[in-house]
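Worksheet for the structure shown next.
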Amino acid sequence: MRVPANIEGLYVHVPFCDGKCFYCAFYSVPYSVGRADEWIQAVRKEARQLTVEHGRIKPKTVYFGGGTPTLLSASQVRALCDVLREELFSCDWSPEDVEEWTIESNPAGATSTMFRQWREVGVNRVSVGVQSLRDASLELLGRRHRLIDIESCIEAVHESGIVNWGVDLIACVPGLDAAVWCEMLRRVVQWGPKHVSVYALTAEEGSVLLDAVCGGGIQLLDSEQQLDMLILAEDVLCAAGYERYEISNYSRPGFACRHNLACWRGRNYLGLGCAAASRIGRRRWTNRANLDDYIASLQAGTAPVREEDRLDTTLDAVERLIFGLRLAEGVDLSVVKRESGCETSVLESWGRTLSRLVREGLVEGGGEKWRLTRRGRELADHVAVELMP
Amino acid sequence: MHLEPNQPGTRTLPQIRNFCIIAHIDHGKSTLADRLLQLTRTIDERAMRDQVLDNMDLERERGITIKCHPVTMRYIAADGIEYELNLIDTPGHVDFTYEVSRSMLACEGAVLVVDAGQGVEAQTVANTYLAIDNNLEIMPVINKVDLPGADADGVARQIEEILSLPAMDALRISAKTGLGIEAVLDAVVKKLPPPATCDNGFVRALVFDSVYDAFRGVVTYLRVVDGELKPGDRVRLVNGGTDTEIKEVGRFRPKMEPVASLKAGQVGYLIGTIKSASDIKIGDTITLAAKPTPRPLPGLKEIHPMVFSGLYPVNTSDYEKLKQSMDKLRLNDSAFTYQPESSVALGFGFRCGFLGLLHLEVVQERLRREFDLDVISTYPSVVYKVHMKDGTVVDVDNPIHLPDSTRVDHMEEPIIKAFIICHNEHIGDILRLVMDRRGTVDKTETLDVKRVMLTCVMPLNEILIDFHDFLKSVSRGYASMDYENTGYAVSDLVKMDILLNGEVVDAFSCIIHRDKAVYRGRQMCEALKDVIPPHMFAVPIQAAINKTIIARETIRAMRKDVTAKCYGGDITRKRKLLERQKEGKKRMKEIGSVNVPQEAFISVLKTTG
Ligand SMILES: Nc1nc2c(ncn2[C@@H]2O[C@H](COP(=O)(O)OP(=O)(O)OP(=O)(O)O)[C@@H](O)[C@H]2O)c(=O)[nH]1
Ligand code: SF4
Ligand SMILES: [Mg+2]
């Protein structure tokens, strides 16, 4: 008999937006009521397929990302949750079983009523895509909101009674000097979010920004300037009592995003919706990143999977090490060994590199426990590459 | 190809013509060959493409011919008789002159193509002399008359004055548009001599090339002089001393096409049981093992490489594979030589000899493409003569082997005589360039109202790296150069080392004139600074003579290498990005504690300004 995998997380990718940000590398299409209804029906089919394969689940964390989940109408929200309850969650599931249920929200058009509706179905955490407080930067990023929208959105969150909320910020936007960036961070701190993510602006494949950068229209910050901005963020946020629990994530103590932590820790999670990624054991897959294809696959009764990756125990161990190191808590090699089931020789093979990285001041620890130093965090990819086979 | 006179039994083969197409680079040899192949319907229209004989990837990519390419055509001439025409397309670049010489072994005539816009250039002159030395009948044709700047009359005069060839009635054609092509074939039949043969019962054929085919083994290109060769014959390579049984003979159409036999006067190929590439020497005579000829054909003067460089596998475990690949490569590139050597920085590799820098690049490229091998080349060197205090003289082609300066009395470096053809208005700049390269201009000859030929004497190591690029740029592409070795001259040479992070990297060491060291050292440090990625620590790059630092740059320590980006649970994607970064690193060479990318070894050669 198959022992059902312990599936701790559920991610739902809501693939609708009201436009396209210039830097965006995520999959999204323009929202329409009809498309969203079709999509929900397809999600029902996918949920059914997953239940057949993995059994019903009782996730500890749920994350509605996107896209812009808050574009869904009140009835669509309910329909989506019905789908999950009817097709995927255990029969005895109740919203209280979910420790953390996040929804990503864009500031434009967000209202307290809307947040309350989400709360009713079980959502207890909101992540607001603030990105910048400067209208000029928001314009440059191709965002469709302005500071005034952000302020009313945050007010709406407060009014809705959701206390666990956070913001996403984009660092290293060209034309923004250090002083303005600092001021922006302080202002954000004053609003009192429990969580702040700071991502550096990068020109991703397929984005409008990449074309602009290649065409010479926009010049991104060089790596030294980027580092300065990221260090400023760390300084301001940590001084204000936030913990940098992951390279780009800060939180008030106890408010780290559990869903994301679980991903970095290599726990099992299912992803629903086009372009969503899943991991069960050493198998990992990503869904087709096209709404029509996604729907078509499900209508044909096949899994809407675009690519699948099967890790061997060594690669699993390597991933657990290099991604675990991105977390402030660091990694425990005995846990890595237990969870990946890798050979002892794999751990031994890291020994030399780890002690060199310690000498170079990038890693600290010893024996089983290792973490990045501050400088190590600035060079986390380098450390990862050194530790890869 | 010419026979000893007065041999009894000598007769001509009136229905065959063997000729090569020669010219300065880019004057349109391969394009003319295209038209001839089309006109004779040797190639199917569907299979036709530009410069179809340039079939190596590298040739197509660079748009130049590197190897000689034989092809057999049938042509019914104006007189109604069908002729067999064996054409060999040749390269124009000076590094590949050897390919031209060997092609000439198989021919009685040469079609000399001259670009009507460019006129007579340095390799036009050089290849004409080569043809004259080989007793070939030369037929000039003026190509590209379709160009707006074409000056066919002027070019005809140049051919007469500079090359002393009658040319006022030379054919005027456009290989591109097809204008006048039929006349070329008729003229080939009328003006170029047919081959001669001697029916005295002995078989003789001349080897003019050989290639290694992954499926078929060694393929020998040959021109039958006397008698006939067919499958089953046991033949002998006279100089190589090896015997082999013929498995297949055939023609180039232009793909290899087996035939029942190859007869006197014909050009084709032979596949035998020869396994080892080294058994075949270009210019060797093939004869029947049972009845060997007492008179082998005059061979080809062995060519000596001028430029030496170490080739090392990026991946040290590829050493054996590199050796085997070089064995095969040498089969169709006998001008390339190699022998094992080792380097502190790079481990085990080979000291290789080349005809020039383009030749080096081509070999490196072919190793990569045809054998999937990444190789690094060390700083190229010429052969220096080192006179020791004890009176002995040592040849040094590798700076590493330069004896300690306290034991050296003096050194000599190879000197060349360069012939530069250029427009009058560029003389000043070119004089300056030559002087800057420690050269002198010995003679200035007026070629016509616009152009002169400068005869210069220069050290070979000064033209090795980038002289040609500079020559082209100061003359806006109009100057051309040919050169020959003239011997050695005493020179104040020093060994310059490059240090990375305080350690000498022998692969970058070079022997250089004392006056040039500081300038060159600076250039090399700057070039390396641009291509070596930042490390955890600051990396000093220094140039030194006898441990005295003469130039220095520093690569600042890496501060940031992290992507703070949202992956939305897509860990696979993140890992793949890291894997790509890892791959890039693996392709670098770890020298001491410094990772040096392959480009570094090339970038030090490509300095400007
Ligand atoms: N306008 C014009 N261009 C020509 C003519 N013949 C050749 N070309 C062009 O000249 C360039 C060089 O032609 P090739 O046939 O490759 O010259 P090549 O002499 O074989 O060159 P190498 O083999 O590198 O020495 C190509 O771009 C041709 O298209 C011509 O009659 N008229
Ligand atoms: S809101 Fe997010 S998903 Fe939508 S376009 Fe902008 S970055 Fe892309
Ligand atoms: Mg050519």
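The values are calculated or read from the model by the stated rules, or taken from the named source; none is laboratory data. On a predicted model such as this, the values are computed, not experimentally measured, just so you know. Glycine gets a Cβ as well: all are built from the backbone with ideal geometry, and neighbour counts include every protein chain shown.
Across segment A:153-186, what is the total count of residues that are assigned to a helix (DSSP H, G or I), over 30 Å from A:VAL213 (Cα atoms) and under 24 Å from the mean Cα position of the chain (by Cα)?
Result for segment A:153-186: 7.
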**OP:** Considering every residue within segment B:246-258, establish whether at least one is buried (at least 19 other Cβ atoms within 10 Å of the Cβ), more than 30 Å from B:ALA47 (Cα to Cα) and either under 25 Å from the mean Cα position of the chain (by Cα) or β-branched (Val, Ile, Thr) (or both).
**Re:** yes
Original post:
Between a first residue in segment B:127-146 that is in the same structural domain as B:THR31 (by TED's automatic domain parsing) and a second residue that is away from ligand 1 (no atom under 15 Å from the Cβ) and basic (Lys, Arg), which pairs have beta carbons less than 9 Å apart while being 6 or more apart in sequence or on different chains?
Top reply: B:GLU137/B:LYS191; B:MET139/B:LYS191
Original post:
B:ALA345 fails exactly one of the following numbered conditions: (1) under 20 Å from B:SER603 (Cα atoms); (2) touching a strand residue (DSSP E or B) at 6+ places or on another chain (Cβ under 6 Å); (3) modelled with pLDDT of 90 or more. What is the number of that condition?
Top reply: (3)
Subject >> Test for B:ILE541: is it buried (at least 22 other Cβ atoms within 10 Å of the Cβ), hydrophobic (A, V, I, L, M, F, W, C) and more than 33 Å from the chain's Cα centre (by Cα) >> reply: yes
Subject >> Subset of segment A:95-122 that is in contact with a Pro (Cβ under 9 Å, 6 or more places away or on another chain) and aliphatic (A, V, I, L, M) - its residue that is nearest to ligand 2 (Cβ to nearest atom) >> reply: A:ILE103
Original post:
Got at least one residue in segment B:24-34 being within 20 Å of B:LYS191 (Cβ to Cβ), of a type outside the set (Gly, Ala, Ser), away from ligand 3 (no atom under 15 Å from the Cβ) and part of a loop (DSSP other than H, G, I, E, B)?
Top reply: no
Original post:
What residue, among those in segment A:310-337 that are of a type in the set (A, V, I, L, M, F, W, C) and part of a loop (DSSP other than H, G, I, E, B), is surrounded by the fewest Cβ atoms within 10 Å (Cβ to Cβ)?
Top reply: A:ALA328
Original post:
Does at least one position in segment A:225-241 carry a residue that is buried (at least 22 other Cβ atoms within 10 Å of the Cβ), assigned to a loop (DSSP other than H, G, I, E, B) and in contact (Cβ under 8 Å) with a residue 60 or more places away in the chain?
Top reply: no
Subject >> Criterion violated by A:ARG375 - all others in (1) out of contact with any strand residue (DSSP E or B) (no Cβ under 8 Å at 6 or more places or on another chain); (2) surrounded by 13 or more Cβ atoms within 10 Å (Cβ to Cβ); (3) more than 9 Å from chain B (Cβ to nearest Cβ) satisfied >> reply: (3)
Original post:
Residues of segment A:48-65 being in contact with an Asp or Glu (Cβ under 7 Å, 6 or more places away or on another chain) and more than 28 Å from A:GLY19 (Cα to Cα), which ones?
Top reply: A:ARG48, A:THR51, A:LYS58, A:PRO59, A:LYS60, A:THR61
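Applying the selection to segment B:535-578, what residues are in contact with a Pro (Cβ under 7 Å, 6 or more places away or on another chain) and aliphatic (A, V, I, L, M)? If you could, list the steps in order and put the result at the bottom.
At the first step, the residues of segment B:535-578 found to be in contact with a Pro (Cβ under 7 Å, 6 or more places away or on another chain) are B:552, B:554-558.
Result: B:ILE555, B:ALA557, B:MET558.
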Original post:
Has segment B:357-373 got at least one residue that is surrounded by 19 or more Cβ atoms within 10 Å (Cβ to Cβ) and assigned to a strand (DSSP E or B)?
Top reply: no
Original post:
What are the pairs, 6+ residues apart or on separate chains, where a residue within segment B:77-93 that is more than 14 Å from B:THR42 (Cα to Cα) and in a loop (DSSP other than H, G, I, E, B) has its Cβ under 8 Å from a residue that is more than 16 Å from ligand 1 (Cβ to nearest atom) and hydroxyl-bearing (Ser, Thr, Tyr)?
Top reply: B:ALA77/B:TYR83
Original post:
Restricting to segment B:425-466, what's the tally of residues that are in contact with a strand residue (DSSP E or B) (Cβ under 7 Å, 6 or more places away or on another chain), outside any strand (DSSP E or B) and more than 19 Å from B:GLU413 (Cβ to Cβ)?
Top reply: 5
Original post:
What are the residues in segment A:38-81 that are among the acidic types (Asp, Glu) and over 24 Å from the mean Cα position of the chain (by Cα), if any?
Top reply: A:GLU38, A:GLU53
**OP:** State the number of residues belonging to segment B:470-493 that are surrounded by 14 or more Cβ atoms within 10 Å (Cβ to Cβ) and without any contact (Cβ under 8 Å) to a residue 60 or more places away in the chain.
**Re:** 7
**OP:** Quick one: A:ILE218 ticks every box in (1) more than 9 Å from chain B (Cβ to nearest Cβ); (2) within 18 Å of the chain's Cα centre (by Cα); (3) more than 21 Å from A:GLU8 (Cα to Cα); (4) of a type in the set (Val, Ile, Thr) except a single one, so which number is it?
**Re:** (2)
Original post:
Got a sec? Which of B:THR316, B:THR392 is among the polar types (S, T, N, Q), over 25 Å from the mean Cα position of the chain (by Cα) and at pLDDT below 95?
Top reply: B:THR316
Original post:
If we keep just the residues of segment B:551-570 that are surrounded by 18 or more Cβ atoms within 10 Å (Cβ to Cβ) and outside any loop (DSSP other than H, G, I, E, B), which is nearest to the other protein chains (Cβ to nearest Cβ)?
Top reply: B:ILE555
Original post:
For segment A:339-382, how many residues are in a loop (DSSP other than H, G, I, E, B) and in contact with a Lys or Arg (Cβ under 8 Å, 6 or more places away or on another chain)?
Top reply: 3
Subject >> Matching residues in segment A:242-254 - criterion: being buried (at least 21 other Cβ atoms within 10 Å of the Cβ) and either touching a strand residue (DSSP E or B) at 6+ places or on another chain (Cβ under 8 Å) or away from chain B (no Cβ under 11 Å) (or both) >> reply: A:TYR242, A:GLU246, A:SER248, A:ASN249, A:TYR250, A:SER251
